[in-house]
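**Student:** Okay, here's the structure, questions in a sec.
The values are calculated or read from the model by the stated rules, or taken from the named source; none is laboratory data. These numbers come from a predicted model, not from an experiment. Because the Cβ atoms are built from the backbone with ideal geometry, glycine has one as well, and the counts that use them run over all protein chains shown.
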Amino acid sequence: MVINNSHQNSNRQTTVQILDYQILETVYSGSRTLVYRAIRTSDRLPVVIKLLKNEYPTFSELVQFRNQYTITKNLCKPGIIQTYSLEPYRNGYALVMEDFGGISLHEWALKAEKLLSLRDFLEVAIALCNILYILYSERIIHKDIKPSNILINPETKQVKLIDFSIASLLPQETENSINPNILEGTIAYISPEQTGRMNRGIDYRTDFYSLGITFYELLTGQLPFQSNDPMELVHCHIAKPAPLVHEINPKIPSVLSKIVSKLMAKNAENRYQSALGLKFDLEKYLHQLQATGRIEDFEIAQHDMCDRFLIPDKLYGRETEVETLLQAFER
């Protein structure tokens with residue numbers, strides 16, 4: 001059975017024909033992908049179908065599309081979108097996933113027409129900590145954490161992570177310096193080491209930096225670094241400190257501002273080292289809010305420990321030599 005669905009895109013009519021699926025609506029139409037809500041005709045199962053927009057996708061696009069399926073097909077964990085199948089479609093693939101009634105966190109925040117309440121934010125943030133702990137346990141680096149890749153059911157508040165197209169199953173990898181216009185990930189959210197200009201490897205803590213920027217945006221309504229110049233954004237991620245959250249939004253308590261700033265530390269060693277350590281602080285914050293409605297300042301990251309042996313990409317015992325090099329660079 002073939003179902004047709006037409007939608008307008010750049011004033012050009014496109015007909016979607018996907019075997020055994022009844023297309024209900026277009027959920028997303030981006031520069032590279034299309035996403036539809038549909039029903040599988042064999043059992044009336046609600047699904048979401050993701051397609052490549054390019055009629056003749058590149059080899060790299062096809063690899064990334066398959067990567068989503070390869071990583072998530074056996075990852076049946078709460079908080080991770082369930083993938084049902086990868087099916088041939090025209091010159092590429094159709095990725096069929098569960099439909100739990102979710103919309104992107106970005107869309108959810110926009111519909112609120114105002115900044116999220118602290119309680120709503122904390123509940124979402126704690127759910128994301130649980131998701132990042134699953135990724136850490138499975139040795140997966142997502143590399144593209146951002147509000148549009150996080151879905152939330154507006155009724156149940158269930159949160160799930162999507163889009164594993166550039167995710168890695170390696171515990172650590174190296175990013176080479178490349179043109180900022182073709183960096184992996186979304187440049188407004190990528191970590192300093194993900195730019196390829198830090199001479200250091202990428203590990204699970206790169207997702208903590210992107211999570212920090214996501215938190216920043218949810219709490220302030222804006223990104224910490226704003227520019228249309230990719231090179232300027234790369235420089236900001238590497239070297240420019242972001243304005244503190246409570247300076248942008250005075251309603252945010254300083255302790256939450258500290259948590260976000262720690263997530264966004266330039267060096268991975270200075271960020272949170274575990275999702276559970278971050279979750280402990282957020283839950284402590286939430287319990288205070290529920291019990292008294294007030295937030296008492298507390299020392300963050302006191303329960304933040306990593307159970308992996310990681311050699312820091314940092315020089316130790318070479319302070320004099322480093323200072324000499326820096327002085328020479330300044331001259």
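**Student:** Please determine whether any residue of the range 110-122 is surrounded by 15 or more Cβ atoms within 10 Å (Cβ to Cβ), in a helix (DSSP H, G or I) and touching a Gly at 6+ places or on another chain (Cβ under 6 Å). Steps first, please.
**Tutor:** Filtering the range 110-122 down to residues surrounded by 15 or more Cβ atoms within 10 Å (Cβ to Cβ) leaves 115-116, 118, 120-122.
Add one more test, that the residue is in a helix (DSSP H, G or I), and what stays is 118, 120-122.
Right, trim to touching a Gly at 6+ places or on another chain (Cβ under 6 Å) and you get none.
No, there is no match, as no residue in the range 110-122 is surrounded by 15 or more Cβ atoms within 10 Å (Cβ to Cβ), in a helix (DSSP H, G or I) and touching a Gly at 6+ places or on another chain (Cβ under 6 Å).
**Student:** Of the residues 328, 242, 268, 291, which single one is more than 27 Å from residue 110 (Cα to Cα), surrounded by 18 or more Cβ atoms within 10 Å (Cβ to Cβ) and small (Gly, Ala, Ser)? Can you show your working first?
**Tutor:** Numbers: 328 fails: surrounded by 18 or more Cβ atoms within 10 Å (Cβ to Cβ); 242 fails: more than 27 Å from residue 110 (Cα to Cα); 291 fails: surrounded by 18 or more Cβ atoms within 10 Å (Cβ to Cβ).
Of 328, 242, 268, 291, the one residue that is more than 27 Å from residue 110 (Cα to Cα), surrounded by 18 or more Cβ atoms within 10 Å (Cβ to Cβ) and small (Gly, Ala, Ser) is 268.
**Student:** Moving on to the next point. Restricting attention to the range 24-46, report how many residues are assigned to a strand (DSSP E or B) and farther than 19 Å from residue 82 by Cα.
**Tutor:** 4
**Student:** Continuing with the same structure: All but one of (1) modelled with pLDDT under 95; (2) of a type outside the set (Gly, Ala, Ser); (3) assigned to a loop (DSSP other than H, G, I, E, B); (4) over 25 Å from residue 170 (Cα atoms) hold for residue 100, so report the exception by its number.
**Tutor:** Tallying (1) modelled with pLDDT under 95; (2) of a type outside the set (Gly, Ala, Ser); (3) assigned to a loop (DSSP other than H, G, I, E, B); (4) over 25 Å from residue 170 (Cα atoms), residue 100 fails exactly one: (1).
**Student:** Please determine, by comparing only the residues of the range 191-205 that are over 18 Å from residue 275 (Cα atoms) and either assigned to a loop (DSSP other than H, G, I, E, B) or among the aromatic types (Phe, Trp, Tyr) (or both), which one is farthest from the chain's Cα centre (by Cα). Quick ask: steps written out before the conclusion?
**Tutor:** Taking the range 191-205 and keeping what is over 18 Å from residue 275 (Cα atoms), we get 192-201.
So of that shortlist, the ones also either assigned to a loop (DSSP other than H, G, I, E, B) or among the aromatic types (Phe, Trp, Tyr) (or both) come out as 196-200.
Details: 196: 18, 197: 21, 198: 20, 199: 23, 200: 21 Å.
Checked the range 191-205; the qualifying residue farthest from the chain's Cα centre (by Cα) is 199.
**Student:** Okay, next question. Under 9 Å between Cβ atoms, at least 6 apart or on separate chains: pull out the pairs that start in the range 164-175 with a residue that is assigned by TED's automatic domain parsing to the domain that holds residue 145 and end on any residue that is modelled with pLDDT under 65 and assigned to a loop (DSSP other than H, G, I, E, B).
**Tutor:** Correct list of pairs: 171/308; 172/310.
**Student:** Scan the range 137-148 and tell me whether some residue there is within 28 Å of residue 24 (Cβ to Cβ), β-branched (Val, Ile, Thr) and crowded, with 17+ Cβ neighbours inside 10 Å.
**Tutor:** no
**Student:** Take residue 152 and decide whether it is modelled with pLDDT of 95 or more and of a type in the set (A, V, I, L, M).
**Tutor:** When the stated conditions are applied, residue 152 passes them.
**Student:** Is it fair to say residue 212 is in contact (Cβ under 8 Å) with a residue 24 or more places away in the chain and assigned by TED's automatic domain parsing to the domain that holds residue 145? Before you say what the answer is, go through the steps one by one.
**Tutor:** Working: in contact (Cβ under 8 Å) with a residue 24 or more places away in the chain: yes; assigned by TED's automatic domain parsing to the domain that holds residue 145: yes.
Yes, satisfied.
**Student:** Counting only residues that are farther than 19 Å from residue 27 by Cβ, in contact (Cβ under 8 Å) with a residue 24 or more places away in the chain and not in a helix (DSSP H, G or I), how many does the range 54-89 have? Break it down into steps so the answer makes sense when it comes.
**Tutor:** Our first condition is that a residue be farther than 19 Å from residue 27 by Cβ; within the range 54-89, this holds for 55-64, 66-67, 70-71, 73-79, 88.
Retained after the next criterion (residues that are in contact (Cβ under 8 Å) with a residue 24 or more places away in the chain): 55-57, 61-62, 64, 66-67, 71, 75, 77-79.
This time we only want the ones that are not in a helix (DSSP H, G or I), so: 55-57, 75, 77-79.
Of the residues in the range 54-89, 7 are farther than 19 Å from residue 27 by Cβ, in contact (Cβ under 8 Å) with a residue 24 or more places away in the chain and not in a helix (DSSP H, G or I).
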